[in-house]
1. Could you say whether any residue in segment A:38-52 is assigned to a loop (DSSP other than H, G, I, E, B) and at the interface with chain B (Cβ under 8 Å from one of its Cβ atoms)?
2. Can you go through B:Gly160, B:Gly84, B:Gly138, B:Gly77 and tell me which one is buried (at least 20 other Cβ atoms within 10 Å of the Cβ) and at positive phi?
3. Here are the criteria: (1) more than 14 Å from chain B (Cβ to nearest Cβ); (2) polar (S, T, N, Q); (3) in contact (Cβ under 8 Å) with a residue 60 or more places away in the chain. Tell me which single one A:Thr59 does not satisfy.
4. With respect to B:Thr207, determine if the residue is surrounded by fewer than 19 Cβ atoms within 10 Å (Cβ to Cβ), within 14 Å of chain A (Cβ to nearest Cβ) and at pLDDT below 90.
5. How many of the residues in segment B:96-118 are of a type in the set (Phe, Trp, Tyr) and within 14 Å of chain A (Cβ to nearest Cβ)?
6. May I ask you to say which residue of B:Ile174, B:Ile197, B:Ile179 is hydrophobic (A, V, I, L, M, F, W, C), buried (at least 16 other Cβ atoms within 10 Å of the Cβ) and either within 14 Å of chain A (Cβ to nearest Cβ) or out of contact with any Pro (no Cβ under 6 Å at 6 or more places or on another chain) (or both)?
7. Quick one: which of A:Met20, A:Met110, A:Met95, A:Met25 is touching a Gly at 6+ places or on another chain (Cβ under 8 Å), modelled with pLDDT under 90 and aliphatic (A, V, I, L, M)?
8. Please give the number of the condition A:Leu5 fails out of (1) assigned to a loop (DSSP other than H, G, I, E, B); (2) touching a strand residue (DSSP E or B) at 6+ places or on another chain (Cβ under 6 Å).
Amino acid sequence: MDEILEYRSVNFKYKNQKKMVLNDMNLGVGVGEFVTVLGDSGSGKTTLLKLANKLLLPTDGTICFKGKDINSYDVFELRKNMGYVIQEVGLFPHMNVKENISILSKINNMSKYKIEERVNELLSLAQLPNTNEFKRRHPWQLSGGQQQRVGLARALFGNPEILLMDEPFGALDVVTREKLQRRLIEIQKMYNKTILFVTHSLQEAITLGDKVIILHEGIIQQFDTPKNLVLNPRNEYVRTLFNAPTPVDKMKFFSVADFSELIYQGKPNPIVAVQRSEPMVKVLNWILKGKKVISVYDKENFIGNMYVEDLRHIGEI
Amino acid sequence: MINYLSNNYDKLLIALVEHFQLVGITLLISIPFSTGFSYLMITSKFINKIASSIMLFIYCIPSIALFTLLIPLLGLGKTNAIVGMTAYNQILLVRNIITAWSSIPVYIKTSAKSTGMPNLILFKHIYLPIMLPHLISGLRITTVSTTGIATIAALINAGGLGKILFEGVRTSHIPKIIIGITLSAGLAVLLNTIFSIFERKALYKATGGHTTKL
């Protein structure tokens, strides 16, 4: 697979500070890959993202975009190709939805018609209402989820090859987050976008990412598929991450739409949950090995183990 | 008093225009200076510390003393007054420009930068509209303050409404004193009102209509 973004022995530390934020980072992100970056605060995950579009400059090392050093690109060209989405969204308060989405048109003389067309296209892509009334709304008139959708549409305006996303859904409620996650995956598959997605949620990292970067204290602990992370953790840190009993307490799997009918006659929309005492690694093993067998509980009563056609996680409760 | 008014109509008008000119020219000169200073002070903490202490120090000198200090350099008259008042203004304007800049949330600045557009475009389309209410507010306060100080400038022959006022003081001519004060204060109130209207409009724009009260 061609590598679209590559970090070669990248180090980063802030001026006047001794502590390395990122330490000898070597990393390659392939075209069309959905890579999640998992780490707790201070692990350097935001820094990793900001280095890619030159919001921060590395202390040493090179970062390459499509095989060329990012320093050889014009800053506008580089950033136009890297849509950036952050948790706070950062919509411009004085601009309405349309102006926010089409902010990049301030620089390349697009015709009004073309702007309108692109905005409409992006609104439907982000599953937002395509009405004039909505386009004229200002950020304060939008819900958190709508704001994040507008933010996503804005990041996609210049048709970037990479999306850099810094905990974009961190501030959203569980239901909205799940909807946006699902939509993001659809968009990613539809347009074969490469996504570098920072999160501090283990569940989000493994459900979204084709590959996960586990970052701890500025060092990549492991960069692998979710399956390999669970089955072959490279070190103790990764192992404990997946064996920790806490995530499973918080974790519940919900069936997709037709699951209840498929398996559960007579009991609509049961909550399908893994047994609370199961370590997460075991549950993930079942799923990742393709068996899709999980224990099903209806409230506290054990129903039995069953196969699941499609299983999707919608967040912790 | 009515008598004085009708007899000296032209004289008063000239004084008013002169006063307005003093304030206007001072502001026109102050703005580019304070913008430059603010830029330097935002980029460097060191400059910020030094410059704000100097500006504060100047601001603490009584205006009459500052004008007198400038006489050996600039003599008497308008130039002296304008230079003095410009020096006075800096702390007010600079403080407001810096406040305006820091009123833009970091995440807005980050997402603005992430577009990759040149700073000038970002400034024009994103930063300036958000900063504008603060900037106008600073300008309003500075204008009112300058209108007041300009009255004192009459003592160094800068003309304006202060001339009427001090003539009145010297000759114990009560109508002159009252008219001088009223016109000077009236001008300040008028300018304040005009700037307030713009400020409210700018605030409405900056927030996308979120705030209608001020």
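The values are calculated or read from the model by the stated rules, or taken from the named source; none is laboratory data. All values reported here derive from a predicted model rather than from experimental measurement. As a convention, Cβ positions derive from the backbone with ideal geometry for all residues, glycine included, and neighbour counts pool all protein chains shown.
1. No, segment A:38-52 contains no residue that is assigned to a loop (DSSP other than H, G, I, E, B) and at the interface with chain B (Cβ under 8 Å from one of its Cβ atoms).
2. B:Gly160
3. With (1) more than 14 Å from chain B (Cβ to nearest Cβ); (2) polar (S, T, N, Q); (3) in contact (Cβ under 8 Å) with a residue 60 or more places away in the chain applied to A:Thr59, the lone miss is (3).
4. When the stated conditions are applied, B:Thr207 does not pass them.
5. 1
6. The conditions single out B:Ile179.
7. From the options A:Met20, A:Met110, A:Met95, A:Met25, the qualifying one is A:Met20.
8. Going through the list (1) assigned to a loop (DSSP other than H, G, I, E, B); (2) touching a strand residue (DSSP E or B) at 6+ places or on another chain (Cβ under 6 Å), A:Leu5 breaks only (1).
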